[in-house]
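Computed from the coordinates by the stated procedures, all read-outs in this text should not be read as laboratory data. These figures come from a predicted structure and were not determined experimentally. No Cβ is skipped: glycine too gets one built from the backbone with ideal geometry, and neighbour counts run over all protein chains shown.
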Amino acid sequence: MLKGAEIVLQCLRAEGVELMFGYPGGAIMPLYDALEDSGIRHVLTRHEQGAVFAAEGYARVTGNVGVAIATSGPGATNLVTGIADAKMDSVPLVCITGQVRSALIGSDAFQETDVFGVTLSLTKWSRLVRSIDEIPEVIAEGFHWARSGRPGPVVIDIPTDMLKAKKEFSGPVKFMPHARPAEAKADGGFTDTIVAMLQQASKPVVLVGAGAKLSGAIPELRRLLDDLKIPAFATVHGLGAIPPQAPYYLGMVGMHGTRAANTALHETDLLLVLGARLDDRVTGDPSRFAPHAKIVHFEIDPAQLDRVRPCDLAVIGDLADTIPAFQAELRHHTLPDFSAWRSVACGPERAELDPRGLAQPTIRFLDELFSRLPENNVILADVGQHQMWAAQRFRSASPRGFITSGGLGAMGFALPAAVGVQLAKPDTCVLCVSGDGGFQMNIQELATVHRLGLPIKLVIIDNKYLGMVRQWQQLFYEKNYAETDLSDNPDFVEIAKAYKIHARRLNEEAMREFPVSAETGDLIDSFLRSHEPELLVFDCHPEANVFPMVPAGAALSEMLLEDEPTQ
Amino acid sequence: MQAFQIHYRNTQGTLMRILNAASRRGLDLHSVQAVAVDRDHQVTLVLEVNQKQVGQLYREWYSIADVTHVRPVAAHGDAWATAHPPAGVSLEDGRSAARA
């Protein structure tokens, strides 16, 4: 006879879970009571949001399912932002929440929340367990949905009496998916059509999204791009999929994308979208998105098609299947010479890549940091101006090397997510870049970093503002800086020291000379090479802005390239 | 007005997910009728919806784990003549009707 909690843990082990993140409380206590002999390592965070973001970090960098545990009521509701984040960014995540005992459900009992209802629209699949007998099937099915197709979040809510009850347990089960409706899947016929479209095109481009890395089709993608040799760019989650040295690579596209990428996307007459859902931050005004282009959309999730702009050809399926099929067909044909278009499209990008041309000290700082990183590294960015600066300067060919909350844009993501990344990749240099606003949203996880001795390199870009909001206020709200002033920030160096984490400060004046002084270079090197957790606070000009910028509702061609009056 | 018939396995939350696909878009659910059909369930929805939303709804419904089939049906006939719940009925009217 095993308790329900022991059955849960055995089923998790059977799904390959070795690490999970959580925070105990009343209803989930039976699960914690059974943890010790489970063979699963549990990491205590200092807030449930820290746990779910850490689980996301682990999942994003490994591709495995992340697991977060919380108790009922406030424990469960504190997971909600992470669940929404996982839904938006296609992160495989299973959240297990304790619930009040079955007899009390619906009675507004202490710490009772309808977490099943609260998370219904945010999850890919969820269950409130009604019997101890259901536990093996529910966990097997939950993991199936979390990792299958377009990955996403799953919630399994277990009343505390189910965790305490005992039953004979014959072992974990395998979930056999039910017959699904016949979905339109690419049957191979699409390849002729795309080749014909390419042969008629004069300015084709490729847009790569997160689907490329989620499908594990990076080698296939790179071979295809090498064959096509047409301008290519990436969404924020597609960064790293295309080697930045590739002569056809134009960097990031979208609201803060490069001038070259946005211009090429505006001018193209054939857009091949590979595993991107074309959200509004990528398209700008959808009615003026790629206005001259036919669109071919490779996508695993049919629900993502035609949301913003109808495509001319949908190729539904896993990129690991559809790209090789396309490439095989391509080899039987001769394509037009696109070199003239490529040299026009790629022209301006070279200047943007040269750090000497970058007057903005924060960008210079990030360039300097990134260029001095050990080869084996992962960069996390929180949400805001620093996120976009980091994305613009990211120049790694590692598909899972840049991790950020893209779709939801959840401030406070990066620090706890870095915990998950560092635990998954103990020999990797994990660089976590935050703003002064977002850092304070999960600052308590410094305690987790210290407890585990994780050598995470923490950077705060401190402009003493909610910088991105302030930038919008400057550009679009007549400089009415309403409630974005953070000039009374605490001393982050002292805060870090209170958490027993070594910290230092660098002023942006140090970045005004090029190349940087030996002293500044040594400081950055010693920061990055430390085997301990470290914090570096970079004092940034309060009114530094991120450019290029496509104003909300504008076309990509209407990007602002520098501070200028807009109204 | 457009009517849809959605077949689904009646697992926890599946009907709510189907309805949520409409409600998250701010669409008025003019009529909802859910019944058991053989071993599965079927819900018929009547919505004010434009062509772009029809495509979105189809794909989102199909992405729900236990939805098995979606098809459009004619949005006319007596069944759809009255809004459900009747538009403009106050809580007190409803209570009066219940007492009667």
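Placing R0 at 45 angstrom, the Cβ-Cβ distance between B:ASN10 and A:SER487 gives a FRET efficiency of 0.20 after rounding to 0.05. Going from the fewest other Cβ atoms within 10 Å to the most, the residues A:VAL537, A:VAL43 appear in the order A:VAL43, A:VAL537. For segment A:310-323, 3J(HN,Hα) computed residue by residue from phi via the Karplus equation (6.51, -1.76, 1.60; θ = phi - 60°) reads x, 9, 8, 8, 9, 10, 8, x, 6, 4, 5, 9, 6, 5 Hz, glycine and proline entered as x.
Would you mind putting A:398-411, A:240-253 in packing order, based on average other-beta-carbon counts within 10 Å, highest first? Mind showing how you got there, number by number?
Working: A:398-411: 22.5, A:240-253: 20.4.
Descending mean neighbour count gives A:398-411, A:240-253.
What's the exposure ranking of A:TYR499, A:TYR465, going from fewest to most Cβ atoms within 10 Å?
Numbers: A:TYR499 18, A:TYR465 26.
Ascending number of Cβ neighbours within 10 Å: A:TYR499, A:TYR465.
Residues whose amide H falls under 5 Å from that of A:VAL537, counting only those 5 or more places apart or on a different chain, are A:ILE460, A:ARG504, A:ARG505, A:LEU506, with hydrogens built in the peptide plane. A simple spin-label model places the labels of A:ASP337 and B:VAL37 6.0 nm from each other, with each point 7 Å out along Cα-to-Cβ. Phi angles across segment A:468-480 convert, under the Karplus curve 6.51 cos²θ - 1.76 cosθ + 1.60 with θ = phi - 60°, into 3J(HN,Hα) values of 5, 5, 4, 4, 5, 4, 5, 7, 10, 10, 6, 6, 7 Hz, Gly and Pro given as x.
When +1 charges are put on Lys and Arg Cβ atoms and -1 charges on Asp and Glu Cβ atoms, the dipole computed for segment A:417-567 relative to its Cα centre reaches about 700 debye. Between the C-alpha center of segment A:222-292 and that of segment A:1-55 there is a gap of 41 Å. For A:TRP125, the residues whose modelled amide H falls within less than 5 Å of its own, excluding neighbours fewer than 5 places apart on the same chain, are A:VAL155. From the alpha carbon centroid of segment B:1-51 to that of segment A:508-567 is 49 Å. Taking 25 Å as the limit for the C-alpha separation, the pairs A:LYS457/A:LYS497; A:LYS203/B:LYS52; A:LYS124/A:LYS457 exceed it in the case of A:LYS203/B:LYS52; A:LYS124/A:LYS457. Using only the C-alpha atoms, the convex hull of the protein assembly as shown corresponds to 187 Å³ per residue.
Converting phi to 3J(HN,Hα) with the Karplus coefficients 6.51, -1.76 and 1.60 and the offset θ = phi - 60°, segment A:8-23 yields 4, 5, 5, 5, 5, 4, 5, 7, x, 6, 10, 9, 9, 10, x, 8 Hz in sequence order, with x at every glycine or proline. Taking the square roots of five times each eigenvalue of the Cα gyration tensor of segment A:207-311, the equivalent ellipsoid has semi-axes of 19, 16, 12 Å, listed largest first. Full extension of the chain between A:GLU168 and A:LEU560 gives 134.5 nm of extra length, using 0.36 nm per residue less the Cα-Cα distance. In plain terms, the chain from A:GLU375 to A:VAL344 could stretch by 8.0 nm, reckoned as 0.36 nm per residue minus the Cα-Cα distance.
Evaluate the relative contact order of segment A:135-274 (contact order divided by residue number), counting alpha-carbon pairs under 8 angstrom at least 6 apart; express in whole percent. Spell out each step's value before the answer.
Values: 145 pairs, mean separation 30.7, N = 140.
Computed value for segment A:135-274: 22 percent relative contact order.
Projected label points at A:HIS502 and B:ASN20, each 7 Å from Cα along the beta carbon direction, are separated by 4.7 nanometres. For A:VAL433, B:VAL73, the sequence from fewest to most other C-beta atoms within 10 Å is B:VAL73, A:VAL433.
Which of the peptides B:41-52, A:505-516 is most tightly packed, and how do the rest follow, judged by the mean count of other Cβ atoms within 10 Å per residue?
Values: B:41-52: 17.2, A:505-516: 15.1.
Going by the mean number of other Cβ atoms within 10 Å, highest first, we get B:41-52, A:505-516.
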